[in-house]
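Below is one structure, written out as structure tokens; comments come after it.
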């Protein structure tokens, strides 16, 4: 077989298949554009991005390759994003470390990213937030006897995910503030 016949045979094979080199490039570009749009809309864990792109029926190999590249160049950073989310949830939403971890897990962050983000949260800050919540709740319950009020506030803080040590320290702090 000479070179001309080989080229003709290769051309027939490529034209007979559903995919060509050009279509793979266009699919990759389509995935890249979708990935960039997802990043522009707001931070998401790489696993959540992957899941959404696979649900759009993009090929997993192309999705994985592009996500890896975006991680490599720093466009996707699960660790930094998890820290950002953890800080926001703990300060603005007054969530405990436990509830922050649950929220991050639901958003698709890896356990390593969650552990690192939670480690950044300050124990003293958590107590401050819990104490402020306890005080605000106790002030709204002024007509109730103190033991019932403390019990209800403790239950409220427990449901928010604070540990029992933080709950009772916050209740004591709020009680002392009210009595002073």
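Residue by residue through region 23-69, note down the ones that are in a loop (DSSP other than H, G, I, E, B) and surrounded by fewer than 16 Cβ atoms within 10 Å (Cβ to Cβ).
42, 56, 57, 59, listed by residue number.
What residue, of 113, 94, is in contact with a helix residue (DSSP H, G or I) (Cβ under 9 Å, 6 or more places away or on another chain), over 22 Å from residue 34 (Cα atoms) and part of a helix (DSSP H, G or I)?
One residue alone meets the criteria, 113.
For region 82-97, name all the residues that are closer than 18 Å to residue 132 by Cα and either surrounded by fewer than 16 Cβ atoms within 10 Å (Cβ to Cβ) or in contact (Cβ under 8 Å) with a residue 24 or more places away in the chain (or both).
Across region 82-97, the qualifying residues are 87, 88, 90, 91, 92, 93, 94, 95, 96, 97.
Just to check your reading of the model, which residue among 139, 150, 106, 128 is within 16 Å of residue 81 (Cβ to Cβ) and either surrounded by fewer than 17 Cβ atoms within 10 Å (Cβ to Cβ) or free of Cβ contacts under 8 Å to residues at least 40 places away in the same chain (or both)?
One residue alone meets the criteria, 106.
Determine whether residue 173 is assigned to a helix (DSSP H, G or I), in contact with a helix residue (DSSP H, G or I) (Cβ under 6 Å, 6 or more places away or on another chain) and over 30 Å from residue 51 (Cα atoms).
Yes; evaluated as a whole, the condition is true for this residue.
Each value in this text was obtained by applying a stated rule to the coordinates, not by laboratory testing. Computed from a prediction, not measured in an experiment: that's the story for all the values here. Positions of Cβ are backbone-derived with ideal geometry, glycine not excepted, and every protein chain shown enters the neighbour counts.
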